[in-house]
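Okay, structure first, notes after.
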Amino acid sequence: MTEAGQVKSSELNTQDYEREPVPQHMRKRWLSMALVWIAIGIDLSAMFLGAELGNGMNLADSLTATMIGSFILGIIGALCAYVGAKTGLSTSMISRFLFGNVGARIVSVVLGIFSLGWFGVQVGFFASNMQTAFLNLWGMDLSLGLLSFIGGMLMMSTAIWGYRSIERLSAWSVPLLVIFIAIAIFTAFHANGTAAIWEPISGSPIPMGTAISLVIGIFIVGTVLSPDIARWARTPMHAITAAFIGFFVGNSFMTVIAIFLSRVMDSDDLTNIFLALGLGLPAIIVLTLAQWTTNTSNLYSASLGFSVVFQRVPKKLITVVAGVLATVLAVAGIYDKFLTFLNIITMFVSPIGGIYTAEFLLVDRKKFTFEGLDRNKNWVVRSLVAWVAATCFAYMTTPAPDGFGWFQLTSVPALDAFIFAFIVQWIVGKIMTKKG
């Protein structure tokens, strides 16, 4: 190959198509994409949620809540992924069809900021648990700030190179995670037996509706952002299959494992569970890989959002700047505001998924063509109104102190917002397009 050909090949390998459709010849099969979503779903927040459910519900109820919540996520993820695969565009680029070329920049900024905030929260999870692991294993009391900085830089390193780098990371991290977690389960059952999993709960009882809400809420933003990954699918069916399996299995896997571990070991502190089993090094590997794969995706989505806003800036530079800012948030302690941040992000981001799926599936699919983007209006008021209305609706169904708590619909505010936005966008869209 000539030098010019090598340069061209290298450019193709690093091109991430952040502002255009992914070419058909670059599209991927469902299995590799499913592994990416499974890897994203295996994170510390899912592990802690599982431990909390195992401590506050009996085994059957906790597993039921996990399966129902994960199934709902799989359905929503498949719908959102279908739009991404059909258009070949990221969530932020799709928003240009919905909100107009100028309105989409506001949406992209919101998506970018919340993705960065979630990156910071997840880095905080990583740092807090690594601190515990290092202190118990080697007596090293490392500062949270230092561990947050190291974790943030590590997770940023993969996001810089785009989707294909995330795909490679997921391909070898998922099998490793499964192996180490299987060892932990075997060790726990071998040491303590199986009787403990049937014993009465030791923590505060968790109602079924609340449990399902937690399972959905912790990952619903990922389903809304699924076009960022699904745009790489070879066909829409590949995207739907990968998304459903990825969100259903990825979201439920670590939660179910944590439920069993917490009940067998009678503890909701997963890091200490690994250490108590004598699995110090595997614990560090699991903690690192689980957060690395998940947070790389968060930063990747943030950089795609900001790429729509800062159209003349290279995506790699955007990723570096965004990664540094998010790491600073982690060092500053955004992790301490985890639950509040989770509630806020779901109220703002969930409606966006409802809006673009309703528009594409039920209102006006024909306008979703890349060639017609520049002919878009600057503002599409009906979509912006639907977004604001759905966000307000979510505040009404979110319990105080993070919301008004006036009434409940599904008991899952994030799902309420998605459904409300979907219905409003569908009805208003049909009325407006008929008038047009």
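Do you know which of the residues in the stretch 391-436 that are touching an Asp or Glu at 6+ places or on another chain (Cβ under 6 Å) and assigned to a loop (DSSP other than H, G, I, E, B) is least open to solvent (accessible area, probe 1.4 Å)?
Within the stretch 391-436, the match that is least open to solvent (accessible area, probe 1.4 Å) is THR410.
Is it the case, given these coordinates, that ARG168 is open to solvent by 40 Å² or more (accessible area, probe 1.4 Å) and free of Cβ contacts under 8 Å to residues at least 60 places away in the same chain?
On the way: open to solvent by 40 Å² or more (accessible area, probe 1.4 Å): yes; free of Cβ contacts under 8 Å to residues at least 60 places away in the same chain: yes.
Yes.
Looking only at the stretch 213-236, decide whether some residue is at pLDDT below 85 and more than 18 Å from the chain's Cα centre (by Cα).
No, the stretch 213-236 contains no residue that is at pLDDT below 85 and more than 18 Å from the chain's Cα centre (by Cα).
Can you work out which of the residues in the stretch 308-328 that are over 18 Å from PHE125 (Cβ atoms) and touching a Ser or Thr at 6+ places or on another chain (Cβ under 7 Å) is most open to solvent (accessible area, probe 1.4 Å)?
VAL309
Considering the stretch 177-200 alone, what residues qualify as being among the aliphatic types (A, V, I, L, M) and open to solvent by 60 Å² or more (accessible area, probe 1.4 Å)? Working first, answer last.
Residues of the stretch 177-200 that are among the aliphatic types (A, V, I, L, M), as a first pass: 177-179, 181-185, 188, 191, 195-197.
VAL178, ILE179, ILE183, ALA191, ALA195, listed by residue number.
Could you grab the pairs with beta carbons closer than 6 Å, sequence gap of 6+ or different chains, first residue in the stretch 391-402 and touching a residue at least 40 places away in the same chain (Cβ under 8 Å) and under 16 Å from SER213 (Cα atoms), second one surrounded by 20 or more Cβ atoms within 10 Å (Cβ to Cβ) and of a type in the set (Asp, Glu)?
The qualifying pairs are ALA394/ASP416.
When the residues of the stretch 333-380 are narrowed to those that are among the small types (Gly, Ala, Ser) and over 16 Å from ILE218 (Cβ atoms), which ends up modelled with the lowest pLDDT?
GLY372
Is at least one residue of the stretch 132-152 aromatic (Phe, Trp, Tyr) and buried (at least 22 other Cβ atoms within 10 Å of the Cβ)? Spell out how you get there, then give the answer.
Filtering the stretch 132-152 down to residues aromatic (Phe, Trp, Tyr) leaves 134, 138, 149.
From what's left, buried (at least 22 other Cβ atoms within 10 Å of the Cβ): none.
Looking for residues that are aromatic (Phe, Trp, Tyr) and buried (at least 22 other Cβ atoms within 10 Å of the Cβ), one finds none in the stretch 132-152, hence no.
The values are calculated or read from the model by the stated rules, or taken from the named source; none is laboratory data. Small disclaimer: the values here were computed from a predicted structure and weren't measured. Reconstructed Cβ throughout: ideal geometry from the backbone, glycine too, with neighbour counts over all protein chains shown. We work out accessible area using only protein heavy atoms, side chains counted, and drop any ligands, DNA or RNA first. Shrake-Rupley method; radii C 1.70, N 1.55, O 1.52, S 1.80 Å.
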